[in-house]
Structures are given as structure tokens and as C-alpha cells.
């Protein structure tokens, strides 16, 4: 049985971070509360437990927290996607655009097998660029994306537009500004 918890109240709002005009939605306050963290992971498990997921892929750093807990609860493998130069084995990489430049993400070449059903997990969906890059990495390894899950979605930043065609699930939705 799931305890009814209003997850939104556990997200701290930090104005003007990382720059003026941005309202940062801080998920660390949710993670540090045991009941709220458990409820968020439980909701994700409930959503995906019957979908025959083979691997959970998550983006550093906060995505790791939720992705690893979810992979453990689903009894499946966990695959980290990291910034360039952080993984020790042979990698595939993708460079993508950000508002202020570009970034590169990498995945181990042997992390996903052809046909693996993959669930991508991250803490936040804003403009969608980071997770779009992750979809390219997963599909480049011939994985099948079963879904994409977020703890928080900033719905008016239209991140879903970059992720059309994928099953997207968000626990909490806020306006981006």
C-alpha cells in the first residue's frame, strides 16, 4: 500500500540559481526525507514493474539516485550515462546543445545489448536536450526505449517536444518560471 504523500511540497524553490531569472527546483530536499524519497521510488516501481525492463539508464548526478534505486527494486541492471571522460572503458558519445554551449555524454559500449528494453530515468525534464542525447546513445547500442521517467517536469519549457514518440512519465509537474 502506498502512503499518500504530496511530493511537490518536498521540492525546494531557489530563485535566481544558477543565474538571475531561473527558478531552480531542488530535488535534494525530497531525497533527504525518507518517506518522500521512498514514495517517489515506489511510484516509479508501480508504473514500470510489469513492463519487463532489462536495464535502467540514468544521467549523472541526481538521475543516478533515482535510477539506481529503481533498478534495484525492479531487479534489473543499472547503466550510468556520464559526462565525457568519466567512464573507464570504451564508450560511445554524443554531443548536444545547451542554452549556453554544448556538452558531451558517454555510455559504455557494452552497457546495453541489442533488444534490451531500457527505461531512462532523470531527476528533471526542462528543455529535453540532455535526455534526447541519452535516447541517441541507447538507440545507438540497439536498445529499445520502453519509457522515460522524471521526478520533476517543467511543463512549460516544452521538453516533451524533443522526446516525441517516447512514453514519458513525470511524478511532479511545475511551470518552469
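Does residue 58 satisfy the condition of being more than 22 Å from residue 164 (Cβ to Cβ) and within 14 Å of the chain's Cα centre (by Cα)? No, not satisfied. Here the condition is being in contact with a strand residue (DSSP E or B) (Cβ under 7 Å, 6 or more places away or on another chain), buried (at least 18 other Cβ atoms within 10 Å of the Cβ), at pLDDT 95 or above and farther than 21 Å from residue 150 by Cβ; of 95, 91, it holds for 91 alone.
If we keep just the residues of region 1-58 that are at pLDDT below 95 and in contact with a helix residue (DSSP H, G or I) (Cβ under 9 Å, 6 or more places away or on another chain), which is surrounded by the most Cβ atoms within 10 Å (Cβ to Cβ)? Among those that are at pLDDT below 95 and in contact with a helix residue (DSSP H, G or I) (Cβ under 9 Å, 6 or more places away or on another chain), it is 5.
Here is a yes/no grid of residues against (1) touching a strand residue (DSSP E or B) at 6+ places or on another chain (Cβ under 7 Å); (2) under 15 Å from residue 123 (Cα atoms):
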position	(1), (2)
50	no, no
53	yes, no
58	yes, yes
62	yes, yes
72	no, no
81	yes, yes
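Filtering 171, 137, 141 for residues that are closer than 25 Å to residue 6 by Cα and touching a residue at least 24 places away in the same chain (Cβ under 8 Å) leaves a single hit, 171.
To keep it simple, each residue is scored yes or no on (1) touching a strand residue (DSSP E or B) at 6+ places or on another chain (Cβ under 9 Å); (2) surrounded by fewer than 18 Cβ atoms within 10 Å (Cβ to Cβ); (3) under 25 Å from residue 52 (Cβ atoms); (4) without any contact (Cβ under 8 Å) to a residue 40 or more places away in the chain.
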residue: 102; (1), (2), (3), (4): yes, yes, no, yes
residue: 117; (1), (2), (3), (4): yes, yes, yes, no
residue: 162; (1), (2), (3), (4): no, yes, no, yes
residue: 167; (1), (2), (3), (4): yes, yes, yes, yes
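The values are calculated or read from the model by the stated rules, or taken from the named source; none is laboratory data. The model shown is predicted, which means the values in this text are computed figures rather than measured ones. In this analysis, Cβ positions are derived from the backbone assuming ideal geometry, glycine residues included, and neighbour counts consider all displayed protein chains.
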